[in-house]
Amino acid sequence: MTTSTLESPEPDLWTLAAAREAAKAGMKTAAANNGDPYQAYARRFVIGFLRDNPTMHIDELEPMGLQPPSKGCKAGIGAVISALAKDKWIVKIADDRVPGAFLAKPSVSSHGSPKWVWQSCAPEWGGSPKTEA
C-alpha cells in the first residue's frame with residue numbers, strides 16, 4: 001500500500017502571513033476593478049444600514065437592497081467592509097465562548113464559509129467613527 005502526501009508547489013502560500021497578504025492584494029484588485037462609483041455607493045449603503053442596525057453580517061446587505069457591482073461579482077464589498085473597519089464604523093463582535101475569538105456565522109453568499117458578525121459604531125449606537133458618512 002502506498003500513501004501520498006499533499007505537496008504545495010508554493011509552500012509560502014500556505015502560511016497565515018502569505019494568506020493575509022493575498023487577501024489584502026485581492027481586495028485592492030477588487031476595488032480597482034469595480035471602480036470608485038461602486039465603492040462610494042456601497043459605502044453609503046452600508047453606513048445607512050449601520051445607522052439603522054446595531055449589528056451586521058454580509059448576507060444581510062443584499063436582501064436590504066445592496067446592488068452588486070456592475071461586473072456581476074461581489075468581490076468589491078470586501079474592500080468596503082475593510083475600509084469601514086479601518087475607519088471605526090464597525091468592529092468585530094467578541095465570541096464569549098472562546099477567549100480572543102470573534103463571532104462569525106456561515107455565509108450563504110460564500111457557500112457556507114464563515115464571515116464576521118460586526119457591531120455598528122455609528123453615532124446612533126454610541127460610536128464615534130473616524131470619518132463622516
_Can you tell me which residue is surrounded by the most Cβ atoms within 10 Å (Cβ to Cβ) among those in the stretch 86-133 that are touching an Asp or Glu at 6+ places or on another chain (Cβ under 7 Å) and in contact (Cβ under 8 Å) with a residue 24 or more places away in the chain?_
129
*Return a yes/no flag: does the stretch 96-109 have any residue that is within 15 Å of residue 59 (Cα to Cα), in contact with a helix residue (DSSP H, G or I) (Cβ under 7 Å, 6 or more places away or on another chain) and in a strand (DSSP E or B).*
no
*Report, by residue number, each residue of the stretch 1-26 that is aliphatic (A, V, I, L, M) and modelled with pLDDT of 70 or more.*
16, 17, 18, 19, 22, 23, 25
*Residue check: is residue 51 over 13 Å from the mean Cα position of the chain (by Cα) and modelled with pLDDT of 95 or more?*
yes
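Conditions tested, residue by residue: (1) at pLDDT 95 or above; (2) of a type in the set (Gly, Ala, Ser); (3) touching a Phe, Trp or Tyr at 6+ places or on another chain (Cβ under 6 Å); (4) within 27 Å of residue 25 (Cβ to Cβ).
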{"position": "67", "(1), (2), (3), (4)": "no, no, no, yes"}
{"position": "74", "(1), (2), (3), (4)": "no, no, no, yes"}
{"position": "79", "(1), (2), (3), (4)": "no, yes, no, yes"}
{"position": "83", "(1), (2), (3), (4)": "no, yes, no, yes"}
{"position": "96", "(1), (2), (3), (4)": "no, no, no, no"}
{"position": "110", "(1), (2), (3), (4)": "no, yes, no, yes"}
{"position": "113", "(1), (2), (3), (4)": "no, yes, no, yes"}
{"position": "133", "(1), (2), (3), (4)": "no, yes, no, no"}
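The values are calculated or read from the model by the stated rules, or taken from the named source; none is laboratory data. Not measured: the values here are computed from a predicted model. Here Cβ is always computed from backbone atoms with ideal geometry, including for glycine, and neighbour counts include all displayed protein chains.
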